[in-house]
Amino acid sequence: DAVYLDDEKEREEYVLNDVGVVFHGDINEIKVRSWSYGQFEESILDACLFLMDKAELELSGRGNPIKICRVASAVINSKDENGVIAGSWDNTYTNGVPPSAWTGSVDILMEYYSSKQPVRYGQCWVFAGVFNTFLRCLGIPARLITTYCSAHDNNANLQLDFILDDEGKVDTKLTKDSVWNYHCWNEAWMTRPDLPVGFGGWQVVDGTPQETSDGMYRCGPASVQAIKHGHVCFQFDSPFVYAEVNGDIVYLRREKNGTQVIENVDTTHVGRLIVTKEVGGDGMIEITEDYKFQEGSEEERLALETALMYGVKKQTTQDTIYEAQKDVDMELQVQKAVLGSDFKVTITFRNKSHNRYTASAYLSGNIVFYTGVTKKEFKKHSFTANLEPSSPSAFDVVIKSSEYLSDLLDQASFHFFVTARIKETGKVLAIQRAAGLEIPALRIKTKGETVAGKEMSVTVEFTNPLKQTLENVTLRLEGPGVLRTMKKEFRQIPANSTLIWDIKCFPRQPGLRKLIASLNCDALRHVYGELNVQIQKP
């Protein structure tokens, strides 16, 4: 049939596996968490069939995976037709559950099925997790994908414009495009009889509401093969996905007379790494080359020219003459650090010429949402660098925890920009880098025997790493086939003290199962823990 997958191991993974892995964090520090899809849990099939009723998909279309994916990508988000999940990206989650607290799709789908109102709140991995449950539940092979440095290119011109002010700082009012630290979407496996031969197989579908498509917030199915080769004329939404993984970052400076001067171009930052969970294990496999040819290769150029021919807009930059400073390289290293500690940022210049240069540099440290949108600049540091001929020069900047803790967001994400102007040539070097703090994990243990149908003991532990008391803490624990989601509130966890939560449950299904826990409070989010448990037959 239209969704036939010929490898038994892949069928077990992409249709039957009821837990999965979400890769998040940023490209320099990939973080991992488990997600419970729970497509075989009680009433989930009814909830998924209800979604097709909600989307008013005619019965004759319900055997067509292309139509099912198209309508589902709209109904997973609440933007148009009061769909399943309401998104919130601004760190305020009033009257709802913060996106980081969910451990799986079952609670979300069940709440929606009973209330018929959007469930608050989700961000990209929540939309993708629920979409994956929906697809696997209906027997459509599906997997969750993470793209690091995903472009959100507002005018889809394959160019992300970062506009600099006189100091060399990014002007957040004028800069409309953003690069997400990561973005999660789904791939669904199907034939594409509506396209020429060769474009079946994995298709991108995305339930996160970013841009409208034919008047609704939805995206896909777009053929991965078509995106790779630049054949973006094929439906649905290939140009948008192509831009997400292929844009150039262009740093522009506005002159007093209103003209824009190109200061720097970075062609390799966007779509740097695309990953998914491996078949039959929890490891990560890279699938970047499913989406794009090797950076700088002849095939990559050709794919770009094909995409341009088929109407992807690319702003031309010929009206402004831009020449890079080729003989000086600039690098930015961020020291790995645990939440609540100081760390340092190192800027290294490599002068490869025989000339002595002077650079005036500006470092800007920002606390950002994982979508690359800045909340607050918390660190400004200007310095002059004397660059000796044919040698490297390194400069350290210390970031104190007192500078960032009060404004930190959900995902403990920072974004550093460095711009440096070479005095002798007037040229600008620019670099940006995302960095994240290490967030402590939850520990899960089982005591005694683990046998289907018999009582089993589970303990969840957490030690507060901050120098402050955590207030109004919520813990969640779930595991498909072992226990339905349980929640517990704790009023306070004092600094450096350990919380212990003991639970009793009756596992239903034998085999290898996974327990997934999350901890959430205003001062600390994205705290997870997991444990594989072998449940014996009685």
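Mind checking which residues of region 76-90 are free of Cβ contacts under 8 Å to residues at least 40 places away in the same chain and outside any loop (DSSP other than H, G, I, E, B)?
ALA86
Results for (1) within 15 Å of ALA435 (Cβ to Cβ); (2) of a type in the set (A, V, I, L, M, F, W, C); (3) not in a strand (DSSP E or B), shown as yes or no for each residue.
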position	(1), (2), (3)
ASN355	no, no, yes
SER360	no, no, no
TYR370	yes, no, yes
THR384	no, no, no
PRO392	no, no, no
PHE414	yes, yes, no
VAL418	yes, yes, no
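Mind counting the residues in region 377-421 that are under 28 Å from the mean Cα position of the chain (by Cα), more than 17 Å from VAL334 (Cβ to Cβ) and exposed (fewer than 14 other Cβ atoms within 10 Å of the Cβ)?
Residues meeting the conditions: 3.
Hey, among the residues in region 308-328 that are of a type in the set (A, V, I, L, M, F, W, C) and modelled with pLDDT under 85, which one's surrounded by the most Cβ atoms within 10 Å (Cβ to Cβ)? Before you say what the answer is, go through the steps one by one.
From region 308-328, those of a type in the set (A, V, I, L, M, F, W, C) are 308-309, 312, 321, 324, 328; that's our starting set.
Retained after the next criterion (residues that are modelled with pLDDT under 85): 308-309, 312, 321, 324.
Values: LEU308: 14, MET309: 12, VAL312: 21, ILE321: 8, ALA324: 13.
If we take residues in region 308-328 being of a type in the set (A, V, I, L, M, F, W, C) and modelled with pLDDT under 85, then VAL312 is surrounded by the most Cβ atoms within 10 Å (Cβ to Cβ).
I'm told ARG70 meets every condition in (1) part of a loop (DSSP other than H, G, I, E, B); (2) open to solvent by less than 60 Å² (accessible area, probe 1.4 Å) except one. Can you identify the failing condition by its number?
The failed condition is (1).
Is it the case that region 404-423 has a residue that's at pLDDT 90 or above, over 30 Å from GLU461 (Cα atoms) and of a type in the set (S, T, N, Q)?
no
So which of VAL21, VAL15 is outside any loop (DSSP other than H, G, I, E, B), closer than 27 Å to TYR370 by Cβ and either at pLDDT 95 or above or of a type outside the set (A, V, I, L, M, F, W, C) (or both)? Talk me through it step by step, then tell me what you get.
Numbers: VAL15 fails: closer than 27 Å to TYR370 by Cβ.
The conditions single out VAL21.
Cβ-Cβ distance below 8 Å, separation of 6 or more or different chains: which pairs start in region 158-177 with a residue that is more than 22 Å from LEU308 (Cβ to Cβ) and end on one that is among the aromatic types (Phe, Trp, Tyr) and surrounded by fewer than 21 Cβ atoms within 10 Å (Cβ to Cβ)?
Sorted first by the residue in region 158-177, then by its partner, the pairs are GLU167/TYR362; GLY168/TYR362; LYS169/TYR362.
So that you can scan it fast, the table gives a plain yes or no per residue for (1) open to solvent by less than 30 Å² (accessible area, probe 1.4 Å); (2) closer than 30 Å to ASN472 by Cα:
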position: ASP7; (1), (2): no, no
position: HIS24; (1), (2): yes, yes
position: TYR37; (1), (2): yes, yes
position: LEU57; (1), (2): yes, no
position: ALA74; (1), (2): yes, no
position: ASP80; (1), (2): no, no
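Residue under question is LYS9, and the condition is that it be in contact (Cβ under 8 Å) with a residue 12 or more places away in the chain, assigned to a helix (DSSP H, G or I) and over 22 Å from TYR217 (Cβ atoms); does it hold? Full working, then the answer.
Values: in contact (Cβ under 8 Å) with a residue 12 or more places away in the chain: yes; assigned to a helix (DSSP H, G or I): yes; over 22 Å from TYR217 (Cβ atoms): yes.
So LYS9 fits the description; yes.
Kindly list, by first and then second residue, each pair from a residue in region 331-345 that is closer than 17 Å to ASN464 by Cβ and in a strand (DSSP E or B) to a residue that is open to solvent by 40 Å² or more (accessible area, probe 1.4 Å) and modelled with pLDDT under 95, limited to pairs with Cβ atoms under 8 Å and residues at least 6 apart or on different chains.
VAL338/GLU438; VAL338/PRO465
Can you tell me which residue is least open to solvent (accessible area, probe 1.4 Å) among those in region 264-277 that are within 16 Å of CYS184 (Cα to Cα) and not β-branched (Val, Ile, Thr)? Full working, then the answer.
Restricting attention to region 264-277, the residues satisfying the condition of being within 16 Å of CYS184 (Cα to Cα) are 270-277.
The next check asks that each one be not β-branched (Val, Ile, Thr); those that pass are 271-273, 277.
Details: GLY271: 2, ARG272: 99, LEU273: 24, LYS277: 19 Å².
For region 264-277, the residue satisfying everything is GLY271.
Give the number of residues within region 354-376 that are open to solvent by 10 Å² or more (accessible area, probe 1.4 Å) and among the small types (Gly, Ala, Ser).
Adding up the residues that qualify gives 2.
Is there a residue in region 110-117 that is touching a Pro at 6+ places or on another chain (Cβ under 8 Å), at pLDDT 95 or above, among the aromatic types (Phe, Trp, Tyr) and open to solvent by less than 30 Å² (accessible area, probe 1.4 Å)? I'd like the intermediate steps shown before the answer.
Here is the first cut: in region 110-117, the ones touching a Pro at 6+ places or on another chain (Cβ under 8 Å) are 112.
Next cut, at pLDDT 95 or above only: 112.
If we keep only those that are among the aromatic types (Phe, Trp, Tyr) too, we end up with 112.
Subset that is open to solvent by less than 30 Å² (accessible area, probe 1.4 Å): 112.
Within region 110-117, one or more residues are touching a Pro at 6+ places or on another chain (Cβ under 8 Å), at pLDDT 95 or above, among the aromatic types (Phe, Trp, Tyr) and open to solvent by less than 30 Å² (accessible area, probe 1.4 Å).
Out of all the residues in region 329-342, is one or more touching a His at 6+ places or on another chain (Cβ under 8 Å) and either open to solvent by less than 50 Å² (accessible area, probe 1.4 Å) or assigned by the TED database to the domain that holds GLN210 (or both)? Can you show your working first?
Just the residues of region 329-342 that are touching a His at 6+ places or on another chain (Cβ under 8 Å), to begin with: none.
Looking through region 329-342, none of the residues is touching a His at 6+ places or on another chain (Cβ under 8 Å) and either open to solvent by less than 50 Å² (accessible area, probe 1.4 Å) or assigned by the TED database to the domain that holds GLN210 (or both).
Quick one: ASN95 ticks every box in (1) open to solvent by 10 Å² or more (accessible area, probe 1.4 Å); (2) farther than 26 Å from GLY201 by Cβ; (3) over 25 Å from the mean Cα position of the chain (by Cα) except a single one, so which number is it?
The one condition ASN95 does not meet is (3).
The values are calculated or read from the model by the stated rules, or taken from the named source; none is laboratory data. None of these values were measured; they are calculated from a predicted model. With ideal geometry, Cβ positions are generated from the backbone for all residues, glycine too; neighbour counts draw on all protein chains shown. Calculation scope for accessible area: heavy atoms of the full protein, side chains included, ligands and nucleic acids excluded. Shrake-Rupley method; radii C 1.70, N 1.55, O 1.52, S 1.80 Å.
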